[in-house]
Each structure stands twice: as structure tokens, then as C-alpha cells.
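Following: one structure in C-alpha cells, then a few remarks.
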Amino acid sequence: MFKNSNVIYCHLRCVRITVFLILISAVFQLAAQPCLTMQKSLERSALSPQYAEGLRQMDSLYAVAEYAAASRDEFPTVHIPLVVHVLYENEEYNIPDSQIHAQIEALNRDFNWEQDDKVRIPEIWRNLGRSTNFRFFLADKDPDGNFTHGITRTKTSVKDIGNTESYYRSSQGGVDPWVQPHYVNIWVCIIDDRTLGFTYLPSKNPEPSDGIVIDP
């Protein structure tokens, strides 16, 4: 029998993709803007053989997770700490804490089948939903063990920083990621005129850029 830790690891590495999709799903309904996840992942694979190998290793881990999850009646609740790095060129893009908290509440509703609009789901699928038992919260301790509210704010002079390699580098006007995989890093920053956001496909060998990048 496979260890339960393998299942949890696989789900944690994959959950970032779903978080990203839910974060921007409402915006996609309003304006069809591209998501660069596949493009960014392919570019990263070409630059980093280690990342590419980690993608291949994840394929075998998916099978382990599917087998073990199917053999369990209930998956244990997993609490996932988030850190939101707000990078802003001017105050217009320095989004308030209330907006961040509201979006995390939405994540928890959607991941745990607690939406109040299930009636909008076609009836043929309406009774198939289940809780994932993932619960998200803003981290209350930083990597050094200090208390935090899980949000960092950094004024930057880098134009469209989300479209560069600088967003995850404090030496270049961005913010270094909090250690992965102990946190899900979310960078909120200007990308460009046409992109809502992107993340990277899960790899067992994550890069420093691993996380979610979303336009404010």
C-alpha cells in the first residue's frame, strides 16, 4: 500500500493550478484574456532540464495518488498556507487586504463544495460535487518563525514586472519566494496589457519562480 504522504504531496503540488484557475475564473467570464501557464511551463522546461524531469516524475505520482485516493473513504483535511506578495508601481495597484481576504474565502467555498450558487450547475452534474478537504489560509508565520499576516507589499519601479524574471527576485525589484513547498506564493503585479496571469505546471523539482502570478 502506498504511503498517504505521497498522496498529500501530489495533491499539494497540483492544487496550485486549481487555485489559479479559480482566482481568475470570474475575470475570464468578463473578458477573454489569455492564460500563459502552458507557454510559461514549456519555456521553463526548455531552460531547466531539472524542472522538465520533475514534470515527468509527477506523471507517475498522479497514478499513485489516484489509486490511493480511490481506496479511501475520506481524504484528511489539509491546511495550506498562502503568502500574497503585492508588487505595485503606483497605489492604484496596491490592492487592499479586504480584496485578498475575500478571494481566499471564495477559494475555500469552491474547494469545499460550499458555494451558494450550485443551482447554476446543470442538474446532470449537480450531485457529483465533493469537498476536496483543502483549506487555505494566509500564513501566520514567516520562514523565520516570525508572526505575519501573510501579505507583503513592495513598491517597485520595474514596468510590467510580472512579464519579466524580476518578480521573484528581491535584488531586481521583486520579492523572493517564501520557501517552497511550505507556502503557496502568489505574486500580484502588473503583467502586460493582455495577460491575466499564469502559474507553472507542478514539478517535483520546482524552480524559484514556482507559484501564481496574477494581474491586479
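Descriptive notes on the structure:
- Apart from one condition, SER171 fits all of (1) hydroxyl-bearing (Ser, Thr, Tyr); (2) under 20 Å from the mean Cα position of the chain (by Cα); (3) farther than 15 Å from GLU89 by Cα; (4) surrounded by fewer than 20 Cβ atoms within 10 Å (Cβ to Cβ); the exception is (2).
- Of all residues in the range 137-162 being of a type in the set (Gly, Ala, Ser) and in a loop (DSSP other than H, G, I, E, B), the one that is most open to solvent (accessible area, probe 1.4 Å): SER157
- When each of HIS101, HIS85 is tested for being in a strand (DSSP E or B) and of a type outside the set (Asp, Glu), the lone residue that passes is HIS85.
Residue-wise test of (1) out of contact with any Ser or Thr (no Cβ under 6 Å at 6 or more places or on another chain); (2) in contact (Cβ under 8 Å) with a residue 24 or more places away in the chain.
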{"residue": "PHE111", "(1), (2)": "no, yes"}
{"residue": "ASN127", "(1), (2)": "yes, no"}
{"residue": "THR132", "(1), (2)": "yes, yes"}
{"residue": "ASP142", "(1), (2)": "no, yes"}
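- Which numbered condition ARG72 misses (of (1) within 21 Å of THR132 (Cβ to Cβ); (2) outside any helix (DSSP H, G or I); (3) touching a Ser or Thr at 6+ places or on another chain (Cβ under 8 Å); (4) at pLDDT below 85): (3)
- Residue in the range 129-136 that is among the hydroxyl-bearing types (Ser, Thr, Tyr), closer than 18 Å to VAL84 by Cβ and open to solvent by 30 Å² or more (accessible area, probe 1.4 Å) present: no
- Residue match in the range 174-186 (condition: open to solvent by less than 30 Å² (accessible area, probe 1.4 Å), within 16 Å of the chain's Cα centre (by Cα) and of a type in the set (S, T, N, Q)): yes
- Selection from the range 163-216 of residues that are in contact with a Pro (Cβ under 9 Å, 6 or more places away or on another chain) and acidic (Asp, Glu): ASP176, ASP210
- Filter result for GLN99 (open to solvent by 50 Å² or more (accessible area, probe 1.4 Å), under 26 Å from GLY197 (Cα atoms) and touching a residue at least 24 places away in the same chain (Cβ under 8 Å)): no
The values are calculated or read from the model by the stated rules, or taken from the named source; none is laboratory data. Quick caveat: nothing in here was measured; it's all calculated off a predicted structure. Every residue, glycine among them, receives a Cβ derived from its backbone with ideal geometry; neighbour counts consider all protein chains shown. Note: accessible area is taken over every heavy atom of the protein model, side chains too, but ligands, DNA and RNA are not part of it. Shrake-Rupley method; radii C 1.70, N 1.55, O 1.52, S 1.80 Å.
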